[in-house]
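Working notes for the structure below.
No value in this document is a laboratory result; all are computed from the given coordinates. Everything numeric here is computed off the predicted structure, so don't read it as measured data. For neighbour counting, all protein chains shown are included, and Cβ atoms are generated from backbone atoms with ideal geometry for every residue, glycine included.
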Amino acid sequence: MLILFAAPALWPDYRTILPQALAEAGITAQIVTETATPAAVDYIIYAPSAPLQDFTPYTACKAVLSLWAGVERIVGNATLTQPLTRMVDPGLTEGMVEWVVGHALRHHLGMDRHIVNPAHIWDPTCPPLARQRPVAMLGVGALGLAAARALQALNFPVTGWSRTPKTIQGLPCLSGPEGLREALSTAAIVVTLLPRTPETENLLNAQTLGYLPKGAFLLNPGRGPLIDDQALLAALDSGQVAHATLDVFRVEPLPKDHPFWSHPQVTVTPHIAADTRPHSAARVLVENIRRAQTREPLLHLVDRSLGY
Ligand code: NDP
Ligand code: OXD
């Protein structure tokens, strides 16, 4: 078996552990980072930064396995005819849960007032309890559901919102445009864990931000284009949105002159909400290779027509 690891910058992270994970699964394979015989490649492990853009010569390739959860940079590639899987990695999920909970608690507890208090103001205002701070979780897939569960464990009342209607034990869920309006209309905190697709572009715009109660907090670890930047800046200036903590942007790195950098009500984190963790991710990759070899259904298969 020949595996092309087509993400050269990440190879040092996987050089030891990917062969180990293959060996643990009893799979014998040669892993290369480039090849002169693309027709001999059985699997491609891929990241968006990879130079590989033309999948046509990989005629025997059984699957392209993305190291990233978000696949918007590969899903529309017309040369890609092989099955594409996205990354659902327990380590990545754990990181995302920590980022969402950490930033939600920062705003919920009003930590900034005490961490940065140069005038030494003694303000004994106690924050409400989490149970009084409703959260709208836009996207209840691998990451959104895990983040929702962690917030629920702290007593935040969470409502999920997704493309398709869902019944999830203990988590009220809505879908569709009316569901979005309903979820946002009571949300004190909104978290966007949606993929970037034509349908999700500018989902949070002047109209939908207007559904929120005044002074809501926004956390976006999903993708930059989910939000209309100008509409968000206007909502921040009017106080409609009290603070936005943004991890992802239309252009990354966020250009130095972008107004988000200097806006007092915006926190920029540099696309670090969650990273694929090689130890756990290697096992996920290997499990899908094992499944493809035994003709079992692949995990986390991307639906090209939906774009995620
Ligand atoms: P999943 O595919 O598991 O979940 C996606 C969720 O979004 C699903 O609930 C899906 O609905 C919902 N959704 C998709 N399209 C729409 C739509 N048009 N309207 C409403 N809901 C929609 O993805 P993950 O949870 O694994 O990842 C989510 C995103 O997080 C990734 O696509 C990526 O962009 C981002 N990400 C960011 C990282 C970071 O470091 N900042 C790290 C990793 C991921 P349904 O259930 O009905 O299909
Ligand atoms: C991903 C990401 O999609 O890091 O995996 O954003």
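Values computed for the structure shown
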{"item": "Inter-part distance where region 230-287 and region 119-193 are each reduced to a Cα centre, Å", "result": "18 Å"}
{"item": "Sorted peptide list for 2-11, 27-36, criterion being average Cβ within 10 angstrom, highest first", "result": "2-11, 27-36"}
{"item": "Calculated P(r) of region 48-160 - Cα pairs past 22 Å, %", "result": "54 percent"}
{"item": "Most mobile listed residue (275, 13, 123) in the chain, GNM with C-alpha springs under 10 Å", "result": "123"}
{"item": "Local electrostatic count, residue 298, Cβ distance below 11 Å [Lys/Arg +1, Asp/Glu -1]", "result": "+3"}
{"item": "All Cα pairs of the chain, percent lying beyond 31 Å", "result": "36 percent"}
{"item": "Over region 90-268, volume per residue of the alpha carbon convex hull, in Å³", "result": "125 Å³"}
{"item": "Inter-label distance for residue 250 and residue 175, nm, one decimal - labels placed 7 Å from Cα along Cα-to-Cβ", "result": "3.0 nm"}
{"item": "In Å, descending, principal axis extents of the Cα set of region 210-255", "result": "30, 17, 14"}
{"item": "Burial order of peptide ranges 291-300, 178-187, 138-147 (average beta-carbon count within 10 Å, highest first)", "result": "138-147, 178-187, 291-300"}
{"item": "FRET efficiency, 1/(1 + (r/R0)^6) with R0 25 Å, evaluated for residue 153 and residue 126 via beta carbons", "result": "0.70"}
